[in-house]
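Down below is the structure, laid out as structure tokens.
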Amino acid sequence: MAPSLPILSGREVVRLFKSLGWQVARQSGSHIIMVKDGEISTLSVPEHREVAKGTLRSLIRASGLTVAEFIDTSNE
């Protein structure tokens, strides 16, 4: 069974991805666009009070991490 995702706000998700080397490139409306050197994909993090679990799972997948790796990072 896949590990359970934590409930995080958009700002918390941005903070976690920053700790993994991603940088905020710009903000477009309520979405924060993040980039990382050497990565083709960009992450579009919604700046909501609570990011939907499916959205968070999609962002984790796009970043090249597994859910378990992301959760380990969030627990540090």
Point-to-point label distance, residue 50-residue 12, nm (Cα→Cβ direction, 7 Å offset): 1.1 nm
List every residue whose amide H lies under 5 Å from the amide H of residue 50, counting only residues 5 or more places away in sequence or on a different chain, with H placed 1.01 Å from N in the peptide plane. 10
Can you compute 3J(HN,Hα) from phi for each residue in the range 34-46, using the Karplus curve 6.51 cos²θ - 1.76 cosθ + 1.60 with θ = phi - 60°, rounded to whole Hz and x for Gly and Pro? 10, 10, 9, 4, x, 9, 6, 7, 10, 10, 10, 8, x
Sorted by chain and number, the residues with a modelled amide H under 5 Å from that of residue 32, at a separation of 5 or more or across chains, are 45, 47
Under Stokes-Einstein, the chain at 4 °C and 1.567 mPa s, with its Kirkwood radius over C-alpha pairs, diffuses with a coefficient in µm²/s of 105 µm²/s
Paramagnetic label zone (point 7 Å from Cα along Cα-to-C-beta, residue 30; backbone N under 19 Å) in the range 41-62: 43-59
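Every number in this text was worked out from the coordinates using simple rules, so none of it is lab data. Quick caveat, the model's predicted, so the values are computed rather than measured. Counting neighbours? That spans all protein chains shown, and the Cβs are built from the backbone with ideal geometry, glycine included.
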